[in-house]
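Below is one structure, written out as structure tokens, with a few remarks after it.
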Amino acid sequence: ALTAANTVAAVAGSLLTAFLFLPWLGLGRSVLVVAALYASLGSIAFFLGYRGVKRYAGALASIGIVVGWYALGAWQLQQQPLAPGEKLLSYHDGETATVAVTEQANGHRTGRVLDAQSMAHQKSDQRH
């Protein structure tokens, strides 16, 4: 029964991530949601598995780690800083890639794509 529940949860988690969390929330926020779910499960496990002070200490520690992680902004993806005079025209964090379009002061536009395999690609469009 435990193996079946684990298998069903693994399949459901994969499907929810691919078809709900990533398209809806993007990568950074999806990681935050999963961390919050793990913290909730950890708190429940401590609460049900221990008695006395360990019960509350473990549950609070599980939640405290995620709250601290969130407060530090560790869940946010690192964005590359813009060069002087460069402005961000468009930014989209999607299920398979993160895309940014920037424009320099001279009108030169650059598209940056960070895809799921973490390979950076650049495409330039010269417009005046």
So what J values fall out for the stretch 59-67 if you push phi through Karplus, 6.51 cos²θ - 1.76 cosθ + 1.60 with θ = phi - 60°, rounded to Hz, Gly and Pro as x?
-> 5, 5, 5, 4, 6, x, 5, 5, 4
Cα gyration tensor of the stretch 1-108 - equivalent ellipsoid semi-axes, whole Å, descending = 39, 20, 6
Could you pull out the trypsin sites (Lys or Arg not before Pro) across the stretch 1-108 that fall in loop regions by DSSP (anything but H, G, I, E, B) with no more than 10 other Cβ atoms inside 10 Å?
-> Arg51
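A short reminder: the numbers here are calculations on the coordinates, not readings from a lab. Since the model is a prediction, treat every value here as computed from it, not as a measurement. Because the Cβ atoms are built from the backbone with ideal geometry, glycine has one as well, and the counts that use them run over all protein chains shown.
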